[in-house]
Amino acid sequence: MAKAALILIGVIFAANLIGGIYNWYIKYPWFDIPIHILGGAWVALMFGYIFSKYWKLDKNIHSVFLYVLFITGCVALIGIFWEFFEFGRDYFVSSYNPSYVLSTLSDTLGDLLNDLIGGAISSSFVWMWLRKHAIKETCQA
């Protein structure tokens, strides 16, 4: 799981760098969508890794819904912090325009939705990986 998270953050970093250099965020407004989905997936992988590594999970009572909901909630929290960061960057660094704030509201909500989609998908895969791993440990014991 850690290897997948490292690969994914490398892909996100490279896509973000290339997208910024070639102005893909302006030329292709949809370019932001897969970046946020991948970002949500990465955050879910990281929280899934942390929880599996440092917290003893009761392997007998895993609930798909609760696990996915908890990890997706962590993704939502990080996504909200990220959107506050982007707003602060736009407000304090870029040339601030009040009419721009209304157009960014729909962008922010879309970004959060895409973060959650990526987080829910990734946390589902993390849960399946943990279940498979737990079954192997149980059989070996």
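The values are calculated or read from the model by the stated rules, or taken from the named source; none is laboratory data. Please read these numbers as outputs of a predicted model, since none were measured by experiment. We place every Cβ from the backbone using ideal geometry, glycine too, and count neighbours over all the protein chains shown.
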Original post:
Say we look at segment 6-58 and pick out the residues that are under 21 Å from Cys74 (Cα atoms) and of a type in the set (Lys, Arg); which of these is surrounded by the fewest Cβ atoms within 10 Å (Cβ to Cβ)?
Top reply: Lys56
**OP:** Give me the pairs, please: first residue somewhere in segment 9-21 and within 12 Å of Asp32 (Cα to Cα), second residue anywhere and assigned to a helix (DSSP H, G or I), beta-carbon distance under 7 Å, and either six or more positions apart or on two chains.
**Re:** Ile12/Ile35; Ile12/Leu38; Ile12/Gly39; Ile12/Trp42; Ala15/Ile35; Asn16/Ile35; Gly19/Tyr25; Gly19/Phe31
Original post:
Do we find that Thr104 is part of a helix (DSSP H, G or I), modelled with pLDDT under 85, hydroxyl-bearing (Ser, Thr, Tyr) and closer than 20 Å to Ile33 by Cβ in this structure?
Top reply: yes
**OP:** Out of Phe65, Phe81, report the one residue that is among the aromatic types (Phe, Trp, Tyr), modelled with pLDDT of 85 or more and assigned to a helix (DSSP H, G or I).
**Re:** Phe81
Original post:
In segment 16-56, which residue that is over 16 Å from the mean Cα position of the chain (by Cα) and of a type in the set (Val, Ile, Thr) is modelled with the lowest pLDDT?
Top reply: Ile26
